[in-house]
Structures are given as C-alpha cells and as structure tokens.
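The structure appears below as structure tokens.
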Amino acid sequence: MLHDIWWSLPLTLVVFFLVRRLAARLNNPLFNPLLISMIILIVLLILAKIPYTRYFKGSELLNSLLQPAVVALAYPLYEQLHQIRRRWKSLISICFLGSLVAMISGTWIALRLGATPAIAASIMPKSVTTPIAMAVGNSIGGIPAISAVCVIFVGILGAVFGHILLNAMHIHTKASRGLAMGSASHALGTARCAELDYEEGAFSSLALVICGIITSLVAPFLFPLLIAMH
C-alpha cells in the first residue's frame, strides 16, 4: 500500500505533525521537527523501497506551497512596519553586510577546499530561501538541486543551533536575534523565531526578504570576482 504514490502526501503530513507535537512537549531545540521528519521519511522510503521520484510526485503539492508560505511571512513584517520605517537605514546596512558575509564565506571555503566553480556557485546563495537560491545558483552557473540541498542544510542548522549560539553570545535584543536568524538561515530560521517570539519573527522575516533581494542583485557580479581572485 505504501507503494501507491497517493500515500506520500498524507504520510508526510502525519509524520510531520506527530513529530511537531512531540517536539513541543520535549521543548528541545535539537529535536527539530523538520530534521526528525526528514530522517523518519527517509528511513520509511528505504525500508519500503520507494524511489524518491515516486514519493515526490505524490507530495508535489507541498512543494508548490513553498512560495506562498514564504510570502505569508510578510504578515508579521507588516505588523512591525512602524519600526522598520524608523530604522530602515540600519536594517538595510545590516542585511547587506549579512548577505555579503554569507555569500563570500561559503564560496571562499568551497573554493579553498577544491570545489569546482559549479559547486561553488551552487553554494553561494545558501542563506536565502529555496526558490531564490535555485534561481541565483542557476544564473551564475551552479546546479539548482545542490543549491536547494544547501539551503535546507543551512536552514536546519540555523533553526537548531541559532538561538543556542545567540544565547551563548548574550544577544537578547529581539531585532538583533531576528535579523541574524533571517540573514543566516532564511525561512526555517524565521519559522523558529516566529515560534519563540512574534516580534523576533517579524525582523527575521524582514531579513529574509531583504537578503533575498540583495543576493539576487549582487551574486552575479560577486561570483566572477571571487573566482578571479581564487
């Protein structure tokens, strides 16, 4: 019965909501619902010998909802519009710097470790949301599928360890925490911020949007420069 592709969507939803409910009880950042759900689904697919392409066809609706879900994050952003208007210069400066650090660090490390230009280009937009990362990666000669994997990996790391690191550094200002999470770990980090604090989630959503725009505009010019310097 599991081999029927129509089971993939309800299976995904049931696993995720059960894991999310358990995560709410445990209240442990290491028990991230997305990460644990992925592990469970991968194990189930392997045990049932279901190819990923077949599973994906049955749950493709969730992939189609990715972009509307990102757009929905604009609502808390609207709620904090009065603060954004008051601080717009510092907010844009912080997001610009965050975007540059994210792009340069990932690309430089990849090249230093011997990655090909195509792999480095795929890694460069790792800190923006998936649709933007895939488009940017493809435009500078990268592989969209690898860009998507990098985005998921970075997002999970940020959602799991981001607040642990911010607490260890004694960063407690909601705006600072939100901007840091949104700049570094896009939608997954923003979702985690929204779970913990509404205002923090709004600033993270703002960083997600601004960093996505900045990365889209800067990456095509920055990547050839980094390649030439390497």
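Here are the numbers:
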item: Set Val128, Val149, Val154, Val136: member being within 30 Å of Phe221 (Cβ to Cβ), of a type in the set (Val, Ile, Thr) and not in a helix (DSSP H, G or I); result: Val128
item: Selection within the stretch 3-19 - surrounded by fewer than 16 Cβ atoms within 10 Å (Cβ to Cβ) and over 20 Å from Glu60 (Cα atoms); result: Leu18
item: Matching option when the condition is touching a His at 6+ places or on another chain (Cβ under 9 Å) and either among the polar types (S, T, N, Q) or surrounded by 15 or more Cβ atoms within 10 Å (Cβ to Cβ) (or both), among Ser105, Ser99, Ser127, Ser93; result: Ser127
item: Some residue of the stretch 23-46 being more than 24 Å from Glu195 (Cβ to Cβ) and crowded, with 17+ Cβ neighbours inside 10 Å; result: yes
item: Of residues in the stretch 121-132 being among the hydrophobic types (A, V, I, L, M, F, W, C) and in contact (Cβ under 8 Å) with a residue 40 or more places away in the chain, the one farthest from Cys211 (Cα to Cα); result: Ala121
item: Subset of the stretch 135-155 [touching a residue at least 24 places away in the same chain (Cβ under 8 Å) and either closer than 11 Å to Pro29 by Cβ or surrounded by 20 or more Cβ atoms within 10 Å (Cβ to Cβ) (or both)]; result: Val136, Ile140, Gly142, Ser147, Cys150, Val151, Val154, Gly155
item: Answer residue from the stretch 163-205, given it is among the polar types (S, T, N, Q) and touching a residue at least 40 places away in the same chain (Cβ under 8 Å) and is nearest to Val101 (Cα to Cα) among those; result: Ser183
item: Cβ pairs under 6 Å, 6+ apart, first in the stretch 7-21 and under 14 Å from Tyr52 (Cα atoms), second at pLDDT below 85; result: Ser8/Tyr55; Ser8/Gly58; Ser8/Ser59; Leu9/Gly58; Leu9/Ser59; Thr12/Ser59
item: Test for Ala219: is it under 18 Å from the mean Cα position of the chain (by Cα), under 21 Å from Asn138 (Cβ atoms) and assigned by TED's automatic domain parsing to the domain that holds Thr116; result: yes
item: Filtered residue count, the stretch 167-223, keeping only those that are outside any helix (DSSP H, G or I) and either crowded, with 22+ Cβ neighbours inside 10 Å or among the aliphatic types (A, V, I, L, M) (or both); result: 2
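The values are calculated or read from the model by the stated rules, or taken from the named source; none is laboratory data. Everything numeric here is computed off the predicted structure, so don't read it as measured data. Glycine gets a Cβ as well: all are built from the backbone with ideal geometry, and neighbour counts include every protein chain shown.
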